[in-house]
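Chemist: Could you have a look at this structure, given as structure tokens, before my questions?
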Amino acid sequence: MNQSYIRALSVNNSYDVASIGNAIVDVIQPATDEFLLEHGIAKGVMTLIDEFRAAKLVAALKGTKETSGGSAANTMAGIASFGGSGYFVGKIKNDRLGNSFADDLKRIGVHFETPAAADGPGTACCVIAVTPDGQRSMSTYLGACRELHPHDVNTHAVAKAKILYIEGYLWDADGAKAAIRKAIAAIKKAGGKVAFTLSDPFCVGRYRDEFLELMREDVGILFANEDEVKALYEVDEFDAALQKALQWNGVAALTRSAKGCVVAADGEVHVLDAEKIDRVVDTTGAGDQFAAGFLYGHARGMNFNSCGRLGAIAAAEVISHYGARPETSLKALAQKAGIV
């Protein structure tokens, strides 16, 4: 990595990473197939629901575990687990779930100060019923997270980060899109880097031209899985997408599940194996945690191989149990691997 860039990162920064994403409370509980039938929950898929149904489902669950979810928030939790400093921007309402979201982020050490809405849609939530066979049936209410606007972005705080990480899902809302552009302007003015995750192949399909423009003008680090990068470049084979990524003037961190990851940067390709684990329990959050490891390493001036290895360690940890957050200290795992 360029040494002048490393030196620049170390000056006048308070956060390793600032991120902007959907603020969603994950409400998780073990459930039976009978519970799914009783409440009309489609098994093994994600279904969008309205606020009334979300309230009914939350009330029907007993002894649930609530965590501050959403893709970018999960990544910030991973960065905190590595011992990194993070700042998150996402919209909640001043209600019970909103307070739960804010308290949880603060508990794990992520700075969060986005003003909560006093009225309007309730805080977003994803009700996750986990049946004994390991299937996760998700009922998602997007609510207040769709109400993010430019006035919610504290440009002074964003500018204090080394890297701004943006969740592609946010591009569906015009207000959020304007908020992202405001945050990008702040981080670029301060000399920081912009990272972007494509989030989903369908998201890419809706906004391909806009995402490619963002990459040309603003984004320096791209995160995508195999399907997402193929959708971005409209090709059928990963190798063809990789060749396209190599022509881009940025860092493309591309995940390939059990095949590990490929980092394309400066005309070079870095291929890293996936970390070995005994059993894959739940792949939810694997991409979010890979991004956490890679971003943490990049913010700390590590080379691309080390960044990719940290991402692989974080992804391996999260797929070894249920849930999208680390349950074991990622810092300890990285130390054990001799990386930090």
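Chemist: One residue is enough: does region 240-255 have a residue meeting the conditions under 22 Å from Gly192 (Cβ atoms), of a type in the set (Phe, Trp, Tyr) and out of contact with any strand residue (DSSP E or B) (no Cβ under 7 Å at 6 or more places or on another chain)?
Modeler: Looking through region 240-255, at least one residue is under 22 Å from Gly192 (Cβ atoms), of a type in the set (Phe, Trp, Tyr) and out of contact with any strand residue (DSSP E or B) (no Cβ under 7 Å at 6 or more places or on another chain).
Chemist: Quick one: Ala190 ticks every box in (1) over 25 Å from Tyr322 (Cβ atoms); (2) under 19 Å from the mean Cα position of the chain (by Cα); (3) of a type in the set (A, V, I, L, M) except a single one, so which number is it?
Modeler: Unmet condition: (2).
Chemist: Within region 65-80, does at least one residue satisfy the condition of being within 13 Å of Asn22 (Cβ to Cβ) and assigned to a loop (DSSP other than H, G, I, E, B)?
Modeler: Start the filter on region 65-80 by keeping residues that are within 13 Å of Asn22 (Cβ to Cβ), which leaves 68-76.
Subset that is assigned to a loop (DSSP other than H, G, I, E, B): 70.
Looking for residues that are within 13 Å of Asn22 (Cβ to Cβ) and assigned to a loop (DSSP other than H, G, I, E, B), one finds at least one in region 65-80, hence yes.
Chemist: Please work out which residue is farthest from the chain's Cα centre (by Cα), limiting yourself to region 252-274 and to residues that are modelled with pLDDT of 90 or more and within 28 Å of Ser68 (Cβ to Cβ).
Modeler: Per the stated criteria, the residue is Cys261.
Chemist: Which numbered condition in (1) closer than 20 Å to Gly323 by Cβ; (2) at pLDDT 90 or above; (3) of a type in the set (D, E, K, R) is the only one that Arg53 fails?
Modeler: Every listed condition holds for Arg53 apart from (1).
Chemist: Ok, one more. Output yes when any residue across region 198-219 is surrounded by fewer than 21 Cβ atoms within 10 Å (Cβ to Cβ), among the small types (Gly, Ala, Ser), in contact with a strand residue (DSSP E or B) (Cβ under 9 Å, 6 or more places away or on another chain) and under 27 Å from Val153 (Cβ atoms), and no when none is.
Modeler: no
Chemist: In region 19-41, which residue that is in contact with a helix residue (DSSP H, G or I) (Cβ under 7 Å, 6 or more places away or on another chain) and either over 30 Å from Arg181 (Cβ atoms) or among the small types (Gly, Ala, Ser) (or both) is surrounded by the most Cβ atoms within 10 Å (Cβ to Cβ)?
Modeler: In the first step, residues of region 19-41 are kept if they are in contact with a helix residue (DSSP H, G or I) (Cβ under 7 Å, 6 or more places away or on another chain); the result is 19-25, 27, 39.
Those left that are additionally either over 30 Å from Arg181 (Cβ atoms) or among the small types (Gly, Ala, Ser) (or both): 19, 21, 23, 27, 39.
On the way: Ser19: 32, Gly21: 30, Ala23: 30, Val27: 23, His39: 17.
Per the criteria, the residue is Ser19.
Chemist: Which condition from (1) crowded, with 24+ Cβ neighbours inside 10 Å; (2) touching an Asp or Glu at 6+ places or on another chain (Cβ under 8 Å) is the one that Phe82 breaks?
Modeler: Phe82 satisfies every listed condition except (2).
Chemist: Go through region 58-73 residue by residue and tally those that are at pLDDT below 90 and within 18 Å of Arg136 (Cα to Cα). Let's see the steps before the verdict.
Modeler: So the first thing to find is which residues in region 58-73 are at pLDDT below 90, and the list is 58-69.
Now restrict to residues that are within 18 Å of Arg136 (Cα to Cα): 58, 60-69.
Number satisfying all stated conditions: 11.
Per-residue answers, yes or no, for (1) at pLDDT 95 or above; (2) within 26 Å of Gly293 (Cα to Cα); (3) buried (at least 20 other Cβ atoms within 10 Å of the Cβ):
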| position | (1), (2), (3) |
| --- | --- |
| Val130 | no, no, no |
| His151 | yes, no, no |
| Ile187 | yes, yes, yes |
| Gly192 | yes, yes, yes |
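Chemist: Inside region 101-191, counting only strands (runs of 3 or more DSSP E) that do not spill past its ends, which hold 3 or more residues that are within 28 Å of Arg300 (Cα to Cα) and in contact with a Lys or Arg (Cβ under 9 Å, 6 or more places away or on another chain)? Please lay out each step first, then the result.
Modeler: On the way: elements: 110-112, 124-130, 136-141, 161-167.
Per the criteria, 161-167.
Chemist: If Lys91 passes every condition in (1) of a type in the set (Lys, Arg); (2) at pLDDT 95 or above; (3) over 18 Å from the mean Cα position of the chain (by Cα) but one, which one does it miss?
Modeler: Exception for Lys91: condition (3).
Chemist: List every residue pair whose Cβ atoms sit under 8 Å apart, with the two residues 6 or more apart in sequence or on different chains, where the first one lies in region 266-286 and is at positive phi and the second, anywhere, is small (Gly, Ala, Ser).
Modeler: Close Cβ pairs satisfying both conditions: Gly285/Gly323; Gly285/Ala324.
Chemist: Taking the stated definitions as given, is Asp16 at pLDDT 95 or above, in a strand (DSSP E or B) and crowded, with 20+ Cβ neighbours inside 10 Å? Spell out how you get there, then give the answer.
Modeler: Working: at pLDDT 95 or above: yes; in a strand (DSSP E or B): yes; crowded, with 20+ Cβ neighbours inside 10 Å: yes.
Yes, satisfied.
Chemist: Just give me the residues in region 297-317 being touching a residue at least 60 places away in the same chain (Cβ under 8 Å) and within 13 Å of the chain's Cα centre (by Cα), in sequence order.
Modeler: So in region 297-317, the residues touching a residue at least 60 places away in the same chain (Cβ under 8 Å) come out as 298-304, 310, 314-315.
Ala314, Ala315 - these are the residues of region 297-317 that are touching a residue at least 60 places away in the same chain (Cβ under 8 Å) and within 13 Å of the chain's Cα centre (by Cα).
The values are calculated or read from the model by the stated rules, or taken from the named source; none is laboratory data. What you see is a predicted model, and the numbers here were worked out from it, not measured in a lab. Note that each Cβ is placed from the backbone with ideal geometry, even for glycine, and that neighbours are counted across all protein chains shown.
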